[in-house]
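Here is the structure we will look at.
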Amino acid sequence: MGVHTKSDVCVVGLGPTGRALAHRAMLAGLRVTAVDPRPERPWPPTFSCWMDELPEWLSPTAIATRIEAPTVWTNTKHRIERPYCVLSKSGLRDALPLDDATVLAGRATRVDAHKVELTDGTILGAATVFDTRGLPAPGRRRAASAHGIFVDAETAAPMIADGEGLLLDWRPENGAGPGEPPSFLYAVPVGDGTVLFEETSLGLRGGMPQHELRNRTLSRLATHGITLTGDEPIEAAHYPLDQPPPKKGTAQAIPFGSRGGMMHPCTGYSVADSLALVDTAITTLQQDRDPITQLWSRQARLTYWMRMRGLGGLGRLTIEQSISMFDAFFTASPRGQRALLSTHDDYIALAAVLINTVTHTWPFHWRYDLVGWTNRNRWLNHDFTPAPAANTTP
């Protein structure tokens, strides 16, 4: 059997959430062990959030770009007066040093409440174990899928100028027909001289395949006269949106981040909420209380439950219905928008904005699809097989 290590906190997984948890526990004076198969690997995804979601302790160097008022396109153009940002992956890592923590390169084969076993036989003991390893492939679960292309900023300028950003672009420019599942464009400058154009699907069971999303992205770019070389870097995303909060009184390791229910069911965002809740988890430990109880109050669980109802709606709407629904949502008050998009436990405002969105979605009968009274299984097993190329042989 391998070496036994004892610590106050053991963090399994060193993505942004795990690294932040280990970093803040270390600063709080706790003995920290962190384990990951590749602790220094670059983080593949692009991370973004609203500026006001970030904790005050996070260094500004973690921010790559700031967008003062991002844009949403539905039937009309909506300017969202709420600063938004793209995080710098290197800057975020540097803002979360682990100098006084024990960092091990290894893969966990067993993760329990007070013990972690690695493939080489090493056993790590800890008063508390946090499991921050993210989520497995979604299978047939409701998923977020995205295909992103990084385009030189000068080439991208016809669509995205410096300091601008598109959160959701529902304009009919992606080549999808009315009988196909909906997707929208997300486009932001990422701070390295490129703009990320990312066609995104939310809520489909099993998600949308990459080839379909790429074709839709290319169609949008072509509509705006943007020609690619074919050498542009890409990124792909495909993960479940329906990971529930952990149950109270569990005898297992504490799941945290996307693994612990902090993946927003309606947006696919998780990093900002996880960063904001790190200190709550650490403080609760120091007070010898249950972090799950503190992180997931009755109000927070009710908020999650209502967002899951919204996820179900997202996954069964048509393109036209999606546009109508988002058009209604972005007329809501700033508090209402925040209640759905960000706030961890503002269930009263969330209930109000959900009701307002349903009642303002038009035509009237579309509301039945949104709440699930009709077409509950629309798009289930939709065939995304590419059409065969036309035979041009004379």
So how long is each side of the stretch 236-304 along the principal axes, counting just the alpha-carbon atoms, biggest first, in Å?
40, 23, 20
Any chance you could run the full-extension gain for Lys6 through Glu173? It's 0.36 nm times the residue separation minus the Cα-Cα distance, nm to one decimal.
54.5 nm
For the stretch 37-73 and the stretch 257-303, what is the separation of their C-alpha centers, rounded to whole Å?
18 Å
Helix 271-286 sits at what angle to the longest principal axis of the chain, using alpha carbons and giving 0 to 90 degrees rounded to 10?
20 degrees
FRET E, pair Thr109, Lys247, Förster distance 30 Å, beta-carbon r, rounded to 0.05:
0.80
Any lysines whose Cα falls less than 27 Å from that of Lys6, other than same-chain ones fewer than 8 residues away, would be Lys115, Lys247, Lys248
Rolling a 1.4 Å sphere over the protein heavy atoms, what is the accessible area per residue of the stretch 69-219, to the nearest Å²?
40 Å²
Simple Cβ-charge dipole of the chain, Lys/Arg +1 and Asp/Glu -1, about Cα centre, in debye nearest 20
1440 debye
For the modelled label position 7 Å from the Cα of Arg41 along Cα-to-Cβ, which residues of the stretch 95-126 have backbone nitrogen atoms closer than 13 Å?
105-108
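When the convex hull of the Cα atoms of the stretch 262-394 is projected onto a plane and the area is averaged over all directions, what value comes out in nm²?
In nm², the orientation-averaged hull projection of the stretch 262-394 is 12.3.
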Restricting to Cα pairs below 8 Å that are 6+ residues apart, what does the relative contact order work out to for the chain? Please round to a whole percent.
17 percent
From the Cα centre of the stretch 130-144 to that of the stretch 180-208, the distance in Å is 18 Å
Compute the Rg/Rh shape ratio of the stretch 98-235: radius of gyration over Kirkwood radius, all on alpha-carbon atoms.
1.14
Which of Gly148, Thr132, Leu168 sits farthest toward the positive end of the charge dipole of the stretch 117-169, with +1 on the Cβ of Lys and Arg and -1 on the Cβ of Asp and Glu?
Thr132
Please compute the Kirkwood hydrodynamic radius over the stretch 70-122, one decimal place, Å, based on all pairs of different Cα atoms.
16.0 Å
Report for the chain the percent antiparallel among DSSP-assigned beta bridges with both residues inside it, nearest 5.
65 percent
Residue-wise, which Karplus ³J(HN,Hα) couplings in Hz belong to the stretch 354-363, taking 6.51 cos²θ - 1.76 cosθ + 1.60, θ = phi - 60°, and x for glycine or proline?
5, 5, 4, 5, 5, 5, 9, 7, 9, x
If the convex hull of the alpha-carbon atoms of the stretch 182-338 is projected onto planes in all directions, what is the mean projected area in square nanometres?
12.2 nm²
Square roots of five times the C-alpha gyration tensor eigenvalues of the stretch 226-270, ordered largest first and given in whole Å, equal 35, 11, 6
Hey, what do the phi angles of the stretch 314-325 turn into as Karplus ³J(HN,Hα) couplings, whole Hz, using 6.51/-1.76/1.60 and θ = phi - 60°, x for Gly and Pro?
4, x, 10, 7, 7, 4, 4, 5, 4, 4, 4, 5
Which loop-located trypsin sites (Lys or Arg not before Pro) does the stretch 301-394 contain, where loop means any DSSP state but H, G, I, E or B and the Cβ has at most 13 other Cβ atoms within 10 Å?
Arg376
In whole percent, and with a 1.4 Å probe on the protein chains, what portion of the accessible area of the chain is carbon and sulfur?
53 percent
Helix-only mean residue ellipticity at 222 nm for the chain, each DSSP H run of n ≥ 4 adding -39500 (n - 2.57), per residue, nearest 500
-8500 deg cm²/dmol
Quickly work out the Asp288-to-Ala153 label distance, labels modelled 7 Å from Cα along the C-beta direction, and quote it in nm with one decimal.
5.4 nm
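Solvent-accessible area per residue for the stretch 264-394 at a 1.4 Å probe radius, Å²?
Using a 1.4 Å probe on heavy atoms only, each residue of the stretch 264-394 averages 51 Å².
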Rounded to the nearest 20 debye, what is the charge dipole size of the stretch 1-98 about its Cα centre when +1 sits on each Lys and Arg Cβ and -1 on each Asp and Glu Cβ?
220 debye
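Going by a ≥ b ≥ c, the root eigenvalues of the Cα gyration tensor, does the stretch 121-195 fall in the rounded group (a/c under 1.5), the prolate group (a/b larger than b/c) or the oblate group?
Taking the square roots of the gyration eigenvalues as a ≥ b ≥ c, the stretch 121-195 is oblate.
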Counting only backbone N atoms under 11 Å from a point 7 Å out along Cα-to-Cβ of Ile234, the residues of the stretch 146-188 in range are 147-150
Please compute, for the alpha-carbon atoms of the stretch 282-341, the extent along each of the three principal axes and give them in descending order in Å.
51, 25, 16
Descending accessible area (1.4 Å probe), largest on the left, turns Lys115, Lys248 into Lys248, Lys115
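Note the full-extension length gain between Leu302 and Ala161 as 0.36 nm times their separation in residues minus their Cα-Cα distance, in nm to one decimal. Present the calculation step by step, with values, prior to reporting the outcome.
On the way: separation 141, 0.36 × 141 = 50.76 nm, distance 3.96 nm.
So the chain would gain 46.8 nm between Leu302 and Ala161.
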Using the Cα atoms of the stretch 1-157, I'd like the radius of gyration and the largest Cα-Cα distance, Dmax, both in angstrom.
19.1, 64
How big is the chain by the Kirkwood estimate over distinct Cα pairs, in Å?
22.2 Å
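The values are calculated or read from the model by the stated rules, or taken from the named source; none is laboratory data. No experiment lies behind these values; they were computed from the predicted model shown. Don't worry about glycine lacking a Cβ; one is built from the backbone with ideal geometry, like all the others, and counts go over all protein chains shown. The area values use the complete protein model at the heavy-atom level, side chains included, leaving out ligands, DNA and RNA. Shrake-Rupley method; radii C 1.70, N 1.55, O 1.52, S 1.80 Å.
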